[in-house]
1. Note the angle between two axes, namely the Cα long axis of helix B:215-224 and the longest principal axis of the Cα atoms of chain B, as a number of degrees from 0 to 90, rounded to the nearest 10.
2. Any chance you could list P(r) for region A:131-194, counting all Cα-Cα pairs in 10 angstrom bins from zero, rounded to whole %?
3. Could you name the aspartates and glutamates whose alpha carbon sits less than 13 Å from that of B:Lys357, not counting residues in the same chain fewer than 8 places away?
4. Could you give me D for region A:1-156, from Stokes-Einstein at 25 °C and 0.890 mPa s, where the hydrodynamic radius is the Kirkwood radius over C-alpha pairs? Units µm² s⁻¹, please.
5. Hey, got the Cα dimensions of region A:57-131 along the principal axes, in Å, largest first?
6. Can you give the Rg/Rh ratio of region B:238-302, where Rg is from the C-alpha atoms and Rh is the Kirkwood radius?
7. Calculate the mean, over all residues of peptide B:370-380, of how many other protein chain Cβ atoms lie within 10 angstrom of the residue's Cβ.
8. Can you give the accessible area per residue of region A:82-195, in Å², using a 1.4 Å probe?
There are 2 protein chains.
Amino acid sequence: MKSLSRLALLKSRKIVGLMSGTSVDAVDACLAEFEGNGMGMKWRILAFETHPFPAELRKAVLEASEASTGRVDQLCALNFILGEFFAEAALKAVRAAGLKPTQIDLVSSHGQTVHHLPEDRVIAGYSSRSTLQLGEPSVIAERLGVPVVADLRVRDVAAGGLGAPLVPYADRVLFQKHDSAVALQNIGGISNVTLLPPGSSGKELLAFDTGPGNMLIDAVVHDTTMGEHLFDPEGSMAASGQVDRALVERLMEDPFVLAAPPKTAGRENFGREFHRTLSTLALFGRVKGNDLVATVTAFTAESIAENYRRYVVPHWRPDEVIVCGGGSQNAFLMRLLSEKLEGIPLVTIEQRGVPSKAKEALSFALLGNESVCGIPGNVPAATGASRPVVLGKFVP
Amino acid sequence: MKSLSRLALLKSRKIVGLMSGTSVDAVDACLAEFEGNGMGMKWRILAFETHPFPAELRKAVLEASEASTGRVDQLCALNFILGEFFAEAALKAVRAAGLKPTQIDLVSSHGQTVHHLPEDRVIAGYSSRSTLQLGEPSVIAERLGVPVVADLRVRDVAAGGLGAPLVPYADRVLFQKHDSAVALQNIGGISNVTLLPPGSSGKELLAFDTGPGNMLIDAVVHDTTMGEHLFDPEGSMAASGQVDRALVERLMEDPFVLAAPPKTAGRENFGREFHRTLSTLALFGRVKGNDLVATVTAFTAESIAENYRRYVVPHWRPDEVIVCGGGSQNAFLMRLLSEKLEGIPLVTIEQRGVPSKAKEALSFALLGNESVCGIPGNVPAATGASRPVVLGKFVP
């Protein structure tokens, strides 16, 4: 505990944030230096590296994540093996900065989500929401010789929250303005928005998952190209296709997209099962190839815009929308989204000083900075938790 | 982190140790007060309670533990639901002592093992041993408002150990003598031995799982009585049966029983699969009813004794064997074991000042005491780890 309690007393902290999303492409590792805490903290990125999943490991994670195939023995082994893989990712960032692990103060690891149950499950009369992230932090701590904070979602769930989204706290620190409202729109595997009213204390903040991000687009591209492409490069496939309006309208009936926040999505909502339904509908409507890519891209854009129309704008009309995540690289998606946002200007996160790729991992490094100082990192208005709680488990 | 770093500075600590074994009968909660650390620490038990598993929850845990039935969605939910159940168990001990949770300094929770893979698994070229315990500590911390240390096995595995046995450290503190060698024989679901040479520094210590404990006996009793009995009361069923020597000899060929330490067993070794083989052999040899109970009881006793003959006595002949765990209540088993130990005196753990039932939970409270003080709690000679490590993850 000595090395951990020391951390809160340091003038500045070098922290590696590790993040791997639902798309299971790569672990992002962002090494950043933090001074102070809360809204007044200073930060700078020292290195950013991505550590791509080997195909076989990605497959193992995807199998482990589905209720029909995720078995206890694989989960048990995968937890430790992902720990090794995350340790490699952290080391990569440390070395890219020209540093040694001994010069790092903390690793803050999100882990790999393999399941998320936002609805209560009942067993023997006990009921609970739940979420499960793998990537054993003890392995990371042992390989690097650096303390680790990990499993940042579970305490919020224990306090009655959804355990997600957790980025709003970081969004406030990084982007909140005194005089104008800002919306952060992340388009990763899943899409989520954080609305930051001007000078908000966090209570007026609105944050939720809007629905699919790149998850469906990627799955359709994978099918269409017989596995040759894993994503639509800059939206070029969609741009050369025709949007099928009837199919978009049908998809827009999705209950998750229409539901009021708080809400949180995962592979349970837009994974294999949704994809199967989509394939059936597409076959039925004879929508295929780039037309289908264009159609799911339109659905993705419109599902985001519909959530702004229903839930964001009535709460507080943003003066600008800052887009981050892989989806911000999809020009077709960005154009459709801009059209549907009825005059609210779209900018990319780079235009606001943060590298898009590094944003999520930076956010989790920032959350780790707060946790070791005993500062709550959840935003109850975003997660639905009963109170602010200090996030994570500490491994010395 | 404040409340955690404060803990190391306290003159004494009130700690609830929570333990639930492979038999999934009940969570044991031992509230004890500790003064100091290491071999010189003082301890006294303030309360001990068992919190029996509801049948449905037990069934869910057993299903979740088997590779063929343990699915990711159930594991995700069960982790949180076991957290609620463990929190109840801890509260029960706190109240039994006439205290409030705010008067407790720490909960140290072993969790419920749902899988243990002592052999390396390889995924995508990465290989690791692994172990998986459920019972979300964030839920315990949130319900009681008390810091929690949990997941005490994983760091040892990360350091190259088996993650088990972890009781040897506690055994040293509780039972080691300056002038004579002591063996602690635990007969829980699985049986394990800790040999403490006189005045040992821990390096000469020998500790390993010897094989089945009550796990097979309980399974056979359950079958024989059509589910009416879950265990053989004081060994009375076995005592009224006849041991089938041929079947005992056949079972004694089990590779785990004969293997040299370090070795660690679980439901993987003596669970459903072993029980199926046993049933087939019993059917084949026409061994049934109380004769079969007597036979597996004899196998259990002899598998322990065989490990003494092969691995314990050649290392250091114990001056006495202290028996603990449910098996110490089985008079038939104790008599057979005593006969097979060739003159080494057997005593129960109560005769040495520790209530048998409380011993495991007390040991994990004691390990938590060491962890919050930054003192390693594994014994590398017992687990095979490359070095002593501070055990557990901390939830503030």
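The values are calculated or read from the model by the stated rules, or taken from the named source; none is laboratory data. Values in this document were obtained by computation on a predicted structure and should not be read as measured data. Counting neighbours? That spans all protein chains shown, and the Cβs are built from the backbone with ideal geometry, glycine included. In case anyone asks, the SASA skips ligands and DNA or RNA and just uses the protein heavy atoms, side chains included. Shrake-Rupley method; radii C 1.70, N 1.55, O 1.52, S 1.80 Å.
1. Rounded to the nearest ten degrees, it is 60.
2. 17, 34, 34, 13, 2
3. B:Asp25, B:Asp28, B:Glu49
4. 148 µm²/s
5. Cα spread of region A:57-131 along its principal axes, largest to smallest: 52, 25, 16 Å.
6. That ratio is 0.98, to two decimals.
7. Per-residue shielding by partner chains comes out at 1.
8. 26 Å²
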